[in-house]
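*Asks:* Can you keep this structure in mind? I'll have questions shortly.
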Amino acid sequence: MFHSEGLKPFEQKVWLSSPTMHGPELDYIREAYETNWMSTVGANINEAERLACEKVGRKYAVGLTCGTAALHMAIKLAGVKPGDEVICSDMTFDATVNPVVYEGGIPVFVDTEYDTWNMDPVALEKAFELHPNAKVVVVAHLYGTPGKCNEIKHICKEHGAVLVEDAAESLGASFHGVQTGCFGDYSVISFNGNKIITGSSGGMLLTDDEEAANKVRKWSTQSRENAPWYQHEELGYNYRMSNVIAGVVRGQFPHLEEHIAQKKAIWERYRDGFKDLPVSMNPFDANECEPNYWLSCLIVDSGAMCKQVRGEQEALFIPEQGRSCPTEILEAISSLNAEGRPIWKPMHMQPIYRMNPFVTREGNGRAKTDAYIAGGAIGSDGSPLDVGADIFNRGLCLPSDNKMTPEQQDAIIEIVKRCFD
C-alpha cells in the first residue's frame, strides 16, 4: 500500500485540467460589454467561428452553447428518427451518446481497441453485419488521441452511413496530418472549462456543407422564420453561443499550440517517470497521428493488478506488495491534494444503457462482458473479450493541468511508484 512519508500535500490543489487564461479573453468580454453585444450576435462569435474553421480546416463553423448541443444538431442533421439504430463509440463520456436518444435513436455500442483506446474498426465492421439498417455512426477521439480515422471513414462510406465525429476532446490533434474535426460529415468541438482551450462553456458544429450550417443556425435560434413577427414552422432550440462566451474562445485560440506543447511535456514526463513500473501511458502510433495530449492516462499491466472490485458508486481493493490498481493510485494522488479520475466507464456498462446492443470484434458482446467480469475471459486472439471493460478496470486519468509545476508532477510520479512498493 502507498505511503506518503516525506511528501507533503500541495498547498494549492493540482487539478485534472483547469482553464488557463492569458488576458485577451477579458478584453474581448469587455468589448462585448461596452458595445452592448451581450446576446447571441456579435463580432466575437463571428471571429471565433472563423478561427475554428481556419484551425481545423472546415468551411463552416456554428458556435453553440456547448459540445452536447452541437452533437444534438449533428444527430438531427444526420436524419436520426425514433427507432433508428445508431452505431456509437463505447468508451466515451455519455454526452457523445445522449443526443442520439434525444432524437429517439437506439445507440449500438462498438467496443474499443488497445491501439488508441478508440472505436475498433474491426468491431465496427461487425456491427454493420449485425445491424445492417444502421445509417449513422458517432465516433469520439478519447482524451485527445485520434481514432483510426481513415479506416472508420472508409467503413462508413462502404455502408452508406453518415459519420458524426465527436472531436470535443481532440481539438488540435491530427491524423495523417489532417486535423480531427475534418473526418465527419458533421464534426463537433467543445470549449468546456476543462478542455485544451475553453470558453468556460460553448461548442461548435463543423461542416463543409453550407446548407447544413445554415440549418443549424436556424434551429439553434428557435427556428425563427424570416418574417416581421415570430413565425415558427419547425422545432427549434435555444442553442446559440453567447457573444460573451465567444469572447473567451476568441482570446484562447491563439494559445492552442502553446497549451498542446505544455500537455505533451506533461505526458512525456509521466512516461519517463514510470519507465520502471509495470504500467504504460495512453497509447498512440506516432507514425499515424499527433494527439493534443489533453489528458495523460495510465494503465496498469494486467499481471501487476492487485484485487479491485467496483460497485455502482464505490470501489474497494486489497493492498498487495509489488502490485496496485487504479483505486489505490487515485487515493494516493488525492492524498497529495491532486485530482485524478477513473477512465470513462464504457457506455455498455452504464445502468442507463445496459440493455442496448454492444458489439465486439467477435460479435454480440453482452455475454462476453458477463464472461469478462466473471473471470477475465479472453477471445480467440488472446485478448480480453471486452476491451473497454478491461481498460476501465486497469486505467486512470492522471493530473494533467498545464499549470502544474515539474516539482508537483515529480511528487505525483513518486507517490504512484510507492503504490507498487
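Bear in mind that the values in this text are calculations on the coordinates, not laboratory data. Owing to the predicted nature of the structure, the values given are computational and were not obtained by experimental measurement. Note: ideal-geometry Cβ built from the backbone for every residue, glycine included; neighbour counts use all protein chains shown.
*Asks:* Charges only on Cβ, +1 for Lys and Arg, -1 for Asp and Glu: so what's the dipole of the chain about the Cα centre, in debye to the nearest 20?
*Replies:* On the way: 39 positive and 58 negative charges, 110 e Å.
With only Lys, Arg, Asp and Glu charged at Cβ, the dipole is about 520 debye.
*Asks:* Skipping prolines and chain starts, which residues have an amide H placed within reach, meaning under 5 Å, of the one on VAL162, given they are 5 or more residues away or on another chain?
*Replies:* Counting only residues 5 or more places away or on other chains, the set is VAL136, VAL137.
*Asks:* Another question about this same structure. So for the chain, averaging the separation of alpha carbon pairs under 8 Å that are six or more residues apart and normalising by length, what relative contact order in percent results?
*Replies:* 24
*Asks:* Something else about it: Considering only C-alpha atoms, what is the centroid distance from region 321-350 to region 130-154, in Å?
*Replies:* Answer, in whole Å: 27.
*Asks:* Let me ask another. Note the angle between two axes, namely the Cα long axis of helix 149-158 and the longest principal axis of the Cα atoms of the chain, as a number of degrees from 0 to 90, rounded to the nearest 10.
*Replies:* Relative to the chain, helix 149-158 is tipped by roughly 60 degrees.
*Asks:* When the Cα centres of region 49-78 and region 156-177 are compared, how far apart do they sit, in Å?
*Replies:* Distance between centres, Cα-based: 13 Å.
*Asks:* Counting pairs of alpha carbon atoms under 8 Å apart in space and at least six apart in sequence, what relative contact order in percent does region 24-255 give?
*Replies:* Values: 523 pairs, mean separation 66.4, N = 232.
In percent, rounded to a whole number, it is 29.
*Asks:* Would you please classify the overall shape of region 101-200 from the alpha carbon gyration tensor, given that a ≥ b ≥ c denote the square roots of the eigenvalues, rounded means a/c under 1.5, and beyond that prolate means a/b larger than b/c while oblate covers the rest? Don't skip to the end; give the middle numbers.
*Replies:* Working: a/c = 1.89, a/b = 1.48, b/c = 1.27.
It comes out prolate by the Cα gyration axes.
*Asks:* Need the C-alpha centroid separation for region 189-204 versus region 226-279, integer Å.
*Replies:* One Cα centre to the other: 3 Å.
*Asks:* Pop out the ³J(HN,Hα) list for region 271-282 in order, Karplus 6.51 cos²θ - 1.76 cosθ + 1.60 with θ = phi - 60°, rounded to Hz; leave Gly and Pro as x.
*Replies:* Result, rounded to whole Hz: 3, 5, x, 9, 4, 9, 9, x, 9, 9, 8, 4.
*Asks:* Starting from the amide H of CYS88, placed 1.01 Å from N in the peptide plane, find each other amide H under 5 Å away whose residue is 5 or more places distant or on another chain.
*Replies:* VAL108, PHE109, VAL110, VAL138
*Asks:* Taking the chain as the reference, fit the longest principal axis to its C-alpha atoms, fit the long axis of helix 326-335 to the helix C-alpha atoms, and give the angle between the two in degrees, 0 to 90, nearest 10.
*Replies:* Computed tilt is about 80 degrees.
*Asks:* Can you tell me, using C-alpha contacts under 8 Å and at least 6 residues apart, the relative contact order of region 1-97 as a whole percent? Walk me through the numbers on the way to the answer.
*Replies:* Values: 22 pairs, mean separation 12.5, N = 97.
So the answer I get is 13 percent.
*Asks:* List the residues, sorted by chain then number, that are 5 or more residues from CYS297 or on another chain and whose placed amide H is less than 5 Å from its amide H.
*Replies:* ASN282, LEU398
*Asks:* Give the angle, between 0 and 90 degrees and rounded to the nearest 10, that separates the Cα long axis of helix 243-252 from the longest principal axis of the Cα atoms of the chain.
*Replies:* Helix 243-252 sits roughly 50 degrees off the main axis of the chain.
*Asks:* Turning to a different aspect of this structure: Of the listed peptides 99-112, 312-325, what is their order by residue-averaged count of other C-beta atoms within 10 Å, with the highest listed first?
*Replies:* 99-112, 312-325
*Asks:* Summing +1 for each Lys or Arg and -1 for each Asp or Glu, what net charge is found among the other residues whose Cβ lies under 14 Å from the Cβ of ARG224?
*Replies:* Working: positive: LYS215, ARG217, LYS218, ARG240; negative: GLU225, GLU233, GLU234.
That sum, taken over residues with Cβ under 14 Å, equals +1.
*Asks:* Provide the per-residue ³J(HN,Hα) series for region 340-347, in order, calculated from phi with Karplus coefficients 6.51, -1.76, 1.60 and θ = phi - 60°, each as a whole number of Hz, with x at glycine and proline positions.
*Replies:* Karplus-based 3J(HN,Hα) across region 340-347 equals x, 8, x, 4, 3, 6, x, 4 Hz.
*Asks:* Hey, got a sec? Which GluC sites (Glu not before Pro) in region 138-229 land in a DSSP loop and have at most 14 other Cβ atoms within 10 Å?
*Replies:* Values: sites: GLU151, GLU158, GLU165, GLU169, GLU210, GLU211, GLU225; in loops: GLU169, GLU225.
Passing both the DSSP loop test and the Cβ count: GLU225.
*Asks:* So what J values fall out for region 35-45 if you push phi through Karplus, 6.51 cos²θ - 1.76 cosθ + 1.60 with θ = phi - 60°, rounded to Hz, Gly and Pro as x?
*Replies:* Running phi through 6.51 cos²θ - 1.76 cosθ + 1.60 with θ = phi - 60° gives 8, 6, 8, 9, 9, 9, 9, x, 5, 5, 4 Hz.
*Asks:* To continue, here is another question. Specify, per residue and in Å³, the volume enclosed by the convex hull of the alpha carbon atoms belonging to region 24-255.
*Replies:* 111
*Asks:* Would you mind putting 267-280, 350-363 in packing order, based on average other-beta-carbon counts within 10 Å, highest first?
*Replies:* My ranking of the peptides, most packed first, is 350-363, 267-280.
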